[in-house]
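The values are calculated or read from the model by the stated rules, or taken from the named source; none is laboratory data. For clarity, every value in this text was computed on a predicted model and none was experimentally measured. In this analysis, Cβ positions are derived from the backbone assuming ideal geometry, glycine residues included, and neighbour counts consider all displayed protein chains. Surface accessibility is based on the protein's heavy atoms, side chains included, excluding ligands, DNA and RNA. Shrake-Rupley method; radii C 1.70, N 1.55, O 1.52, S 1.80 Å.
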Amino acid sequence: MENGKGLAYRHDPKVRARIDTAIAYLTTHEEELLAKPVGKYPLEEGIEVRVQSYDSRPYEGMSYETHRDHIDLHYMLQGQEYVRWWDKGTVEPNTEYDETEDIIFYPHPPRHNRALLTDHHYVLVYPEDMHAAHGMVDGQVSHNHKVVVKISVL
């Protein structure tokens, strides 16, 4: 309930429409996104596209994060990585909430789920989900070109 709406955003037609808009945009603008420089680009009200380029890294050195006011849609343009997540439940954060960036960091949870992102695959991460992206696959570093779409739940 940190964003004042609890989980009501899951049934909000405005939020659902933003998710649909983001997915439609990503699947029809891949070449354009691959050519864009790394950076933040507004798509429309409540949707921001963040183009990223980086090397995957070992899980052990990663932090988990959550967001209060946004859903993250991680869309792999080229590359591969594991995205891990777990319900934040009672896990205590190890940083204060950064209101400007809408982010708070957590230590590794006792358990986690993981999804393998490869070209053209995506995962949605909700505000109650701690997540750690950029994870190496099979101990191999991969150079990734990915888009993270920030979808407002407000």
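Per-structure values
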quantity: Portion, in percent, of the accessible area of the chain that falls on carbon or sulfur, probe 1.4 Å; calculated: 51 percent
quantity: Thr27-Ala8 pseudo-label distance in nm [points 7 Å out on the Cα-to-Cβ vector]; calculated: 3.1 nm
quantity: Surface accessible to a 1.4 Å probe, per residue, for the residues of the range 43-154, Å²; calculated: 48 Å²
quantity: Contour minus Cα-Cα distance for Ile19 and Val38 (0.36 nm per residue); calculated: 4.7 nm
quantity: Extension gain from Glu48 to Thr100, taking 0.36 nm per residue of separation minus the Cα-Cα distance; calculated: 17.3 nm
quantity: Mean Cβ count within 10 Å, highest first, over the residues of peptides 49-60, 89-100; calculated: 49-60, 89-100
quantity: Contour minus Cα-Cα distance for Val141 and Thr118 (0.36 nm per residue); calculated: 6.9 nm
quantity: Cα-only radius of gyration and Dmax that characterise the chain, units Å; calculated: 15.1, 41
quantity: Structure-based [θ]222 nm, the chain - -39500 (n - 2.57) summed over DSSP H runs of at least 4, per residue, nearest 500; calculated: -4500 deg cm²/dmol
quantity: Karplus-derived HN-Hα couplings along the range 108-123 (A = 6.51, B = -1.76, C = 1.60, θ = phi - 60°), whole Hz, x at Gly and Pro; calculated: 4, x, x, 9, 7, 9, 8, 10, 8, 9, 10, 3, 6, 9, 9, 9
quantity: Kirkwood hydrodynamic radius of the range 32-95, Cα pairs, Å; calculated: 14.5 Å
quantity: For the range 138-148, 3J(HN,Hα) per residue [Karplus equation, 6.51 cos²θ - 1.76 cosθ + 1.60, θ = phi - 60°, Hz, x = Gly/Pro]; calculated: 6, x, 10, 6, 10, 7, 10, 10, 9, 10, 10
